[in-house]
1. Beyond a 31 Å Cα-Cα separation, which of these cross-linked pairs lie in this structure: Lys41/Lys61; Lys62/Lys174; Lys11/Lys41; Lys12/Lys62?
2. Of the GluC sites (Glu not before Pro) in the stretch 1-88, which ones lie in a loop per DSSP and count no more than 16 other C-beta atoms within 10 Å?
3. Among 46-54, 102-110, what's the highest-first ranking by average C-beta atoms within 10 angstrom per residue?
4. Using the Karplus curve 6.51 cos²θ - 1.76 cosθ + 1.60 with θ = phi - 60°, what ³J(HN,Hα) values do you get for each residue of the stretch 40-54, in whole Hz, with x for Gly and Pro?
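Rule-based calculations on the coordinates, nothing more; no lab input. Everything numeric here is computed off the predicted structure, so don't read it as measured data. We place every Cβ from the backbone using ideal geometry, glycine too, and count neighbours over all the protein chains shown.
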Amino acid sequence: MYFDISGKNEKKRIDILHGTSDDWEDAMALCWRVFRLCDAKDYPACGCDSFLNFITDQYLKKMFLLGRYRLYVAKDGERIVGVLGFRENNHISLLFVDTDYQGYGIGRALIMVLCAYLGGETREQYLPDNEADKIIDVLYEKSAEPLITVNSAPSAVGFYQTAGFVQTHEQLEKDGIIYIPMQKQI
């Protein structure tokens with residue numbers, strides 16, 4: 001999928017693709033960079049450490065390589081400008097957009113692509129031509145529930161609400177990570 005964004009007297013084409021093993025390191029670096037700029041100030045040091053441990057965990061990367069953790073990337077040419085990571089049972093665990101690209105609808109577009117995938121639209125339209133990746137896609141188990149869940153950072157609640165998510169619980173904290181559970185009907 002692709003769409004055009006306009007800004008500063010120029011148009012750019014943004015492609016949204018399934019992340020590949022070649023995208024992993026750049027995608028996690030983007031998540032860490034945006035987290036530090038936008039969210040870290042709201043978390044205690046142990047929460048920042050927990051987040052960094054999550055995105056650098058070799059088990060998470062292994063689950064990604066095995067097809068048990070999915071990743072979409074938004075790209076401006078070869079540059080990753082947005083990331084959406086989700087695990088089985090339709091739970092978004094990462095959604096970050098480069099600060100230079102925020103406000104152009106990239107986050108909402110990533111959610112839209114995820115909804116199309118989880119809602120049962122033809123998967124092949126988003127998959128790479130690589131047969132191995134198609135086999136991995138078959139291994140991924142979607143939740144039977146027509147819901148997407150997310151544990152939103154406090155600063156992102158408004159964004160998720162405009163994307164159709166509703167809060168399901170009051171603010172919680174685990175390992176220094178402060179979050180608000182939310183969900184969206186697919």
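1. Lys11/Lys41; Lys12/Lys62
2. For GluC sites (Glu not before Pro) across the stretch 1-88 that sit outside H, G, I, E and B with at most 16 neighbouring Cβ atoms in 10 Å, the list reads Glu78, Glu88.
3. Going by the mean number of other Cβ atoms within 10 Å, highest first, we get 102-110, 46-54.
4. 4, 4, 8, 10, x, 4, 5, x, 5, 5, 4, 5, 4, 4, 4
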